[in-house]
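Undergrad: Could you have a look at this structure, given as C-alpha cells, before my questions?
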Amino acid sequence: MMNKIMKEYSSRRLKVGSSDEAREALRGLNNEENNTGAMTCEDLPTKKSKHHAADKKKIVRRSKSYTDKDLSRYAKALRKTTTLEELNLGWNKITLLNKRFNQAISCNSTLKKIYLIGNEIGDRGIAKFADALKQNETLEVVGLSNNQISDKGVASVADALKTNRSIRKLYLSSNYIKAEGARMLADALRVNTSLQECWLNDNNISAQGAEAFADCLKVNQSLLELHLWGNDVGDNGASFLASSLKFNRSLRMLCLSNNSIGNWGATSFSFALMVNQSIKELLLFDNEIPDEGAERLAKASESNPSINNLDLSGNKISVDVLRLLESYNAIRV
C-alpha cells in the first residue's frame, strides 16, 4: 500500500518540488547502498576494526531484517561520530525499544536526518524515541511513516514537538492516526515554531482532524507544507481548512488529494484563494469535484498571483470544462 501511494503521490509532487519521503519510498536499495559515503556492516566499528563512524556522513542499511539487537552497533557509532549526518534504517524489523540506541540519539550532536520508514515501531517504541527527541538538538528530518503508530503513540510525538526546536520535516504517513492524534499534533504546532513540513498521508484523521489543523493554522506561522492525502476529510474538513487560509500567511503547500472532496469543499477553497496570497500549491487531485467547483477554483486562481500549482486531475470534470481549465496557467488537469 505504501509503495503504491507514494509512487502515485510523488509522481505528481516531484513535478513541482522535491520530497524526501517520496524519494525514500521509491529509490532502489542498490542505488542507496552504492552512494558514496554510505556505511556498510563492514564499516561499523568493532573491537578489531580500524574503520570508525567518525569518517562517515551517511549510513544506509535498508531492507536487511535488522531488529533492535542490531541497533546497539549503531548506538556505538552515534556516540563516537563527529561527522555522521544521515541514518537510514528503513524497511527492517526495528521496534526502537533498544535503550542504548535511544540514549545515543538523545545526546548525538551531528545527526540531521533519520529514516525509520517501514519498521515495527508501534506505540511503545515511539514513546521511547520521542523522549530522545526532547533532548536531541540537531535532527532536522525524522521519517516514521508506515510504523503501526496510533493516536496513543502520536501523543508522545506531539509532546516532544512542544519542546524540540530542530525538527523541520516530520513524516508520519501510513500509520493508524485518527482525529484525536491529529488534534494532539495540531495542539503541539500551536507552540512549535520550527516544524516546516508535516506529512500525514494515508491515515484516517477525518473532518474532525482537519478541523483541528485548521484551528492550528490560524495561529501557526512556521508550517510551510501540510500533506493530508487520503484521510477522508470530505467537504467538511476541506471547508475548515479553506477557512483557515484566510488567516494563515505561512503555508505554501497543502495536499488534500483523495479525500472525497466535492463541490462544497472546492467552492470553499475558491473563496479562500481570493483572500490568501501565500499558498503556492493546492493539490486536490483524485477527489469528486464537479464542473461548478472546478470553474470557481479556476476563476479564483486567475486573480491570485501566488498560486502556481492547482492540481484538479482525476476529478468529476466534463471534457468541455477540462478544455477550459487547460487555458489557466496554474491548473493541472
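The values are calculated or read from the model by the stated rules, or taken from the named source; none is laboratory data. Just so you know, these numbers come straight off a predicted model, no measurement behind them. Every residue, glycine among them, receives a Cβ derived from its backbone with ideal geometry; neighbour counts consider all protein chains shown. Just so you know, the surface numbers come from the protein's heavy atoms only, side chains and all, with ligands and any DNA or RNA stripped out. Shrake-Rupley method; radii C 1.70, N 1.55, O 1.52, S 1.80 Å.
Undergrad: For region 182-197, does any single residue satisfy the condition of being touching a residue at least 24 places away in the same chain (Cβ under 8 Å), surrounded by fewer than 21 Cβ atoms within 10 Å (Cβ to Cβ) and touching a strand residue (DSSP E or B) at 6+ places or on another chain (Cβ under 6 Å)?
TA: yes
Undergrad: Then there's this: Might you check whether a residue that is aromatic (Phe, Trp, Tyr) and more than 20 Å from ASP311 (Cβ to Cβ) occurs anywhere in region 167-176?
TA: Keep residues of region 167-176 that are aromatic (Phe, Trp, Tyr), which gives 171, 176.
Of the ones still in play, those that are also more than 20 Å from ASP311 (Cβ to Cβ) are 171, 176.
Yes - at least one qualifying residue is present in region 167-176.
Undergrad: Output the residues belonging to region 209-245 that are in contact with a Ser or Thr (Cβ under 6 Å, 6 or more places away or on another chain), within 22 Å of ARG168 (Cα to Cα) and either among the polar types (S, T, N, Q) or touching a residue at least 40 places away in the same chain (Cβ under 8 Å) (or both).
TA: The answer is GLN221, SER222, TRP229.
Undergrad: In contact with a helix residue (DSSP H, G or I) (Cβ under 7 Å, 6 or more places away or on another chain), assigned to a loop (DSSP other than H, G, I, E, B), open to solvent by less than 50 Å² (accessible area, probe 1.4 Å) and of a type in the set (S, T, N, Q), is that true of SER174? It would help to see each step written out before you state the result.
TA: On the way: in contact with a helix residue (DSSP H, G or I) (Cβ under 7 Å, 6 or more places away or on another chain): yes; assigned to a loop (DSSP other than H, G, I, E, B): yes; open to solvent by less than 50 Å² (accessible area, probe 1.4 Å): yes; of a type in the set (S, T, N, Q): yes.
Criteria met by SER174.
Undergrad: Can you say whether PHE240 is farther than 15 Å from LYS218 by Cα and open to solvent by 20 Å² or more (accessible area, probe 1.4 Å), as far as the supplied structure shows? Don't jump to the end; show me each part of the working.
TA: Working: farther than 15 Å from LYS218 by Cα: no; open to solvent by 20 Å² or more (accessible area, probe 1.4 Å): yes.
In short, no.
Undergrad: Can you name the residue in region 105-153 that is of a type in the set (D, E, K, R) and in a helix (DSSP H, G or I) and, of all such residues, is surrounded by the most Cβ atoms within 10 Å (Cβ to Cβ)? Before the answer, list the steps.
TA: Our first condition is that a residue be of a type in the set (D, E, K, R); within region 105-153, this holds for 112-113, 120, 123-124, 128, 131, 134, 137, 140, 151-152.
Now narrow it down to the ones that are in a helix (DSSP H, G or I): 123-124, 128, 131, 134, 151-152.
Numbers: ASP123: 17, ARG124: 14, LYS128: 19, ASP131: 16, LYS134: 14, ASP151: 22, LYS152: 16.
Result: ASP151.
Undergrad: Additional query: Confirm whether SER156 is over 16 Å from ASN192 (Cβ atoms) and either part of a loop (DSSP other than H, G, I, E, B) or in contact with a helix residue (DSSP H, G or I) (Cβ under 6 Å, 6 or more places away or on another chain) (or both).
TA: no
Undergrad: Would you pick out the residues in region 102-132 that are free of Cβ contacts under 8 Å to residues at least 60 places away in the same chain, touching a Ser or Thr at 6+ places or on another chain (Cβ under 7 Å) and among the hydrophobic types (A, V, I, L, M, F, W, C)?
TA: Answer for region 102-132, where residues must be free of Cβ contacts under 8 Å to residues at least 60 places away in the same chain, touching a Ser or Thr at 6+ places or on another chain (Cβ under 7 Å) and among the hydrophobic types (A, V, I, L, M, F, W, C): LEU111, ILE121, ILE126, ALA127, ALA130, ALA132.
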